[in-house]
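Each remark here refers to the structure printed beneath this line.
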Amino acid sequence: MRITRCVFALVLLVVLLVGCGDEGEKPQSTTPAPPMSASPPAATTPVTSAPAAEREESVSTKQTAVLPTYQILDDETYDAPVKTQVAVKLLVSGEITQEGLEELLGDFYREIMTRRGFKYHESPTNVYIYAYTSKERAESGSLWIAMLDKSYSDSGPTISINERQLALLGQEPETRLGLTEEQRMAIFGEIVRAEDRASAEAMAKYPDLIPGSPGYSQEAFLQQLDRQFEEMDRLEERYKEELATKYGLTREQLKLIVSEGLSKDWPIPPLP
């Protein structure tokens, strides 16, 4: 699930090769991706970082749908010449419907667009609002049930609904493989941590080669990546076999738990 972090090194090499010999200054993109689980772009300057709201709130505007109860988990603004961005994370509960989520995010968007006092733009150019059904999903970053996004070049916002999560709301937990859903979720988390451990240990044993460092070459870089992948695969096999033995499961049953966890958007443990 997190193997793509190792592939990043290969992508980095490709970027370096494409940009080789170009020493000129490159213009910044005006539509960078929203920084939900990563740091903001280096060119940006944080001007506000509102603390998470500790109370539950409700919106008192003209409503055509029942709004879910919500709590503000995060409200951050980044102001720079390239963009003025506001990113908000909400924890929603109570009665959750598609219409209610859309209206809630729309209310927040309209409020955000009235904010002023920025250095580089009169009003926000980029707005990202994420609604989550649990703090664990919020920590995972991408496991939202609803999202509103408005990028620099967009004429207006777009709201996306995670229909899979919406359909699962209210469903009774099932017992499978002789395990409760809570137990399977815990095993799912252990599998993810085992993969993270294997990846970290493989990269520690065979660290990325940096361009300009002694012994660096394209061939050496790719050989080091091969060693990383081989070591990571070996360690994953070992750690997953240990998990299967620990819980009296087969490797195929572990795969079923992983498949269920991904299909149900179970929270992914944060990186250590």
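Got a number for residues in region 190-202 being over 21 Å from the mean Cα position of the chain (by Cα) and surrounded by fewer than 17 Cβ atoms within 10 Å (Cβ to Cβ)?
Quick first cut of region 190-202, residues over 21 Å from the mean Cα position of the chain (by Cα) only: 201-202.
Still in the list and also surrounded by fewer than 17 Cβ atoms within 10 Å (Cβ to Cβ): 201.
Qualifying residue count for the region: 1.
Every residue, every condition in (1) in contact with a helix residue (DSSP H, G or I) (Cβ under 7 Å, 6 or more places away or on another chain); (2) surrounded by 14 or more Cβ atoms within 10 Å (Cβ to Cβ); (3) part of a helix (DSSP H, G or I), yes or no:
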| position | (1), (2), (3) |
| --- | --- |
| Gly215 | no, no, no |
| Gln224 | no, yes, yes |
| Arg227 | no, no, yes |
| Thr245 | no, no, yes |
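Do we have any residue at all in region 237-246 that's over 27 Å from the mean Cα position of the chain (by Cα) and under 30 Å from Leu168 (Cα atoms)?
So in region 237-246, the residues over 27 Å from the mean Cα position of the chain (by Cα) come out as 238, 241-242, 244-246.
Next, from what is left, pick out any that are under 30 Å from Leu168 (Cα atoms): 244, 246.
Yes, region 237-246 contains at least one residue that is over 27 Å from the mean Cα position of the chain (by Cα) and under 30 Å from Leu168 (Cα atoms).
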- Query: Pick from Val92, Val86, Val127: which is surrounded by 21 or more Cβ atoms within 10 Å (Cβ to Cβ) and over 26 Å from Leu169 (Cβ atoms)?
  - Reply: Val86
- Taking region 99-149 and keeping residues in a helix (DSSP H, G or I), over 14 Å from Leu166 (Cβ atoms) and basic (Lys, Arg) leaves Arg110, Lys135
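Could you tell me which of the residues Gly156, Gly170 is at positive phi and assigned to a loop (DSSP other than H, G, I, E, B)? Walk me through it before giving the result.
On the way: Gly156 fails: at positive phi.
Among Gly156, Gly170, only Gly170 is at positive phi and assigned to a loop (DSSP other than H, G, I, E, B).
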- Message: All but one of (1) assigned by TED's automatic domain parsing to the domain that holds Leu249; (2) in contact with a Leu (Cβ under 9 Å, 6 or more places away or on another chain); (3) within 19 Å of Glu136 (Cβ to Cβ) hold for Ser199; state the number of the condition that does not hold.
- Response: (3)
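Does Asp196 count as in a loop (DSSP other than H, G, I, E, B) and under 23 Å from Pro270 (Cβ atoms)? Even if it seems obvious, please write down each step before you answer.
Details: in a loop (DSSP other than H, G, I, E, B): no; under 23 Å from Pro270 (Cβ atoms): yes.
In short, no.
For region 247-272, how many residues are touching a helix residue (DSSP H, G or I) at 6+ places or on another chain (Cβ under 7 Å) and surrounded by 17 or more Cβ atoms within 10 Å (Cβ to Cβ)?
Keep residues of region 247-272 that are touching a helix residue (DSSP H, G or I) at 6+ places or on another chain (Cβ under 7 Å), which gives 247, 250-251, 254, 257-258, 260-261, 264-272.
Still in the list and also surrounded by 17 or more Cβ atoms within 10 Å (Cβ to Cβ): 247, 254, 257-258, 260-261, 265-268.
Of the residues in that region, 10 qualify.
The values are calculated or read from the model by the stated rules, or taken from the named source; none is laboratory data. None of these values were measured; they are calculated from a predicted model. Here Cβ is always computed from backbone atoms with ideal geometry, including for glycine, and neighbour counts include all displayed protein chains.
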